[in-house]
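Contents: one structure, followed by commentary.
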Amino acid sequence: MSKILENQVAIITGSTSGMGEAIARRFAKQGAAVVINGTNEERGKKIEEEIVQEGGKAAFYKADVSSASEVEAMVDFAVEQFSKVTILVPNAGILGNGLATEISLETWDKTLGVNLNGVYYLCRYGLPKLIEAGGGTVVINASIASFKSFPQHPAYCASKGALIPLMKNIAQDYAEHNIRANAICPGPVDTPLIWDSVKAFPNADSIIDETIGMTCVGRLGTPDDVAEAALFFASDQSSFVTGASLTIDGGIMT
Ligand code: NAD
């Protein structure tokens, strides 16, 4: 059976863990060459090795997505390694929680730097490569926090909220270059990030239980649930879909 991402080259930021890792592994299985990125070099190299051992194409690149020059260098690395870039998945994200009046300015800047600027930088330096390749897809990992507030997460919600209009602008402005842009918007997914988000609270476990109770399906999402949706948006299976946001949240937003 033919693989649906054959001849594609994807950069997936924040793919040394959680959903990014699941997306990288899923895309590689479907024939894409993947650039893995994240802050954990050891994990990144291990994932690269495992994908290659399984017959896939992968290369890890350590870059802080909040640095424009590092993201630009990562895009150049992708072209050096795999000759082109056709899929951008800006996925790296951090939480930066704290009340609006109490969060440090440093945390505010860092959260916006990774979650918003990091997405923008990948688009800024990656889109010209997609144009050179004759087209491609952008799949932004946003959140249900793009649409809904969460207690003590003003920086996170602001950063994720901004991604939807950014995605829609890219969908509109780059359609003439055969580029589509869409957003996946996960609800609670079982990754290190969600457990970090509650660990500051004394009732961490009950917060997770309450969150599960808010879903219709009665469970946390898995990274693979999200990878499946990312694959749909990255591939020709969604060729008539652009400018769309898909909630993958077990029904929290119903
Ligand atoms: P995770 O903590 O498992 O993974 C985050 C990844 O981002 C890691 O690979 C980490 O190394 C990388 N990263 C962090 N800062 C970085 C930086 N400055 N530069 C480069 N890489 C960096 O988290 P996850 O839950 O898989 O999160 C992936 C995305 O999904 C994030 O954007 C997150 O906001 C979003 N999200 C998560 C949930 C959830 O419940 N887990 C829900 C909605 C949206």
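At a threshold of 8 angstrom on Cα-Cα distance, excluding pairs fewer than six apart, so keeping six or more, what relative contact order does the chain reach in percent? Answer for the chain is 19 percent.
Put simply, the amide H of residue 58, placed in the peptide plane, has neighbours under 5 Å in 34, leaving out anything fewer than 5 places away on its chain. Amide H contacts of residue 136 (H built 1.01 Å from N, in plane; Pro and chain starts excluded): 179, 180 sit under 5 Å, all sequence-distant by 5 or more or on other chains.
Tell me the Kirkwood hydrodynamic radius of region 104-254 in angstroms, computed as one over the mean inverse distance between distinct C-alpha pairs. Write out the running numbers ahead of the final one.
Numbers: mean 1/r = 0.0610 Å⁻¹.
Kirkwood hydrodynamic radius for region 104-254: 16.4 Å.
Evaluated over the Cα positions of region 59-142, the convex hull gives a direction-averaged projected area, one quarter of its surface, of 5.7 nm². For region 96-179, the Stokes-Einstein estimate of translational diffusion at 10 °C and a viscosity of 1.306 mPa s comes to 115 µm²/s, using the Kirkwood hydrodynamic radius over alpha-carbon pairs. Taking Cα atoms, how many degrees apart are the long axis of helix 68-82 and the longest axis of the chain, rounded to 10 and kept between 0 and 90? It works out to around 40 degrees. Among the listed pairs 129/199; 110/148; 29/148; 45/168; 45/84, those with a Cα-Cα distance over 32 Å are 129/199; 29/148; 45/168. In summary, the chain shows an alpha-carbon radius of gyration equal to 0.96 times the 2.2 N^0.38 Å reference for compact globular proteins. Put the Cα centre of region 210-224 next to the Cα centre of region 19-91 and the gap is 28 Å. In whole percents, the pair-distance distribution calculated for region 38-184 from its alpha-carbon pairs, binned every 10 Å from zero, is 12, 36, 35, 16, 2, 0.
For the chain, the longest principal axis of the alpha carbon atoms and the long axis of helix 41-53 meet at an angle near 50°.
Please say if region 1-85 is rounded, prolate or oblate, where rounded means a/c under 1.5 for a ≥ b ≥ c the square roots of the C-alpha gyration tensor eigenvalues, and otherwise the choice is prolate for a/b larger than b/c and oblate otherwise? Before the final figure, lay out each step's value.
Numbers: a/c = 1.94, a/b = 1.35, b/c = 1.44.
Since a/c reaches 1.5 but b/c is at least a/b, the shape of region 1-85 is classed as oblate.
3J(HN,Hα) along region 25-30, derived from phi through the Karplus expression 6.51 cos²θ - 1.76 cosθ + 1.60 where θ = phi - 60°, amounts to 5, 5, 5, 4, 4, 8 Hz, with x in place of Gly and Pro. Karplus-based coupling profile of region 163-173, in residue order and whole Hz: 6, 6, x, 4, 4, 5, 5, 5, 4, 6, 6, with θ = phi - 60° in 6.51 cos²θ - 1.76 cosθ + 1.60 and x standing for Gly or Pro.
Its relative contact order, with pairs defined as Cα atoms under 8 Å and 6+ residues apart, puts region 1-62 at 33 percent. Axis angle, to the nearest 10 degrees, between helix 204-214 and the longest C-alpha principal axis of the chain: 70 degrees. Across region 108-117, computed HN-Hα scalar couplings (Karplus, 6.51 cos²θ - 1.76 cosθ + 1.60, θ = phi - 60°) run 4, 5, 5, 5, 5, x, 7, 6, 10, 4 Hz from first to last residue, x flagging Gly and Pro. Computed per residue of the chain from DSSP H runs no shorter than four, each worth -39500 (n - 2.57), the mean residue ellipticity at 222 nm is -14000 deg cm²/dmol.
Bear in mind these aren't lab numbers, they're just calculated from the coordinates by the rules spelled out. Computed from a prediction, not measured in an experiment: that's the story for all the values here.
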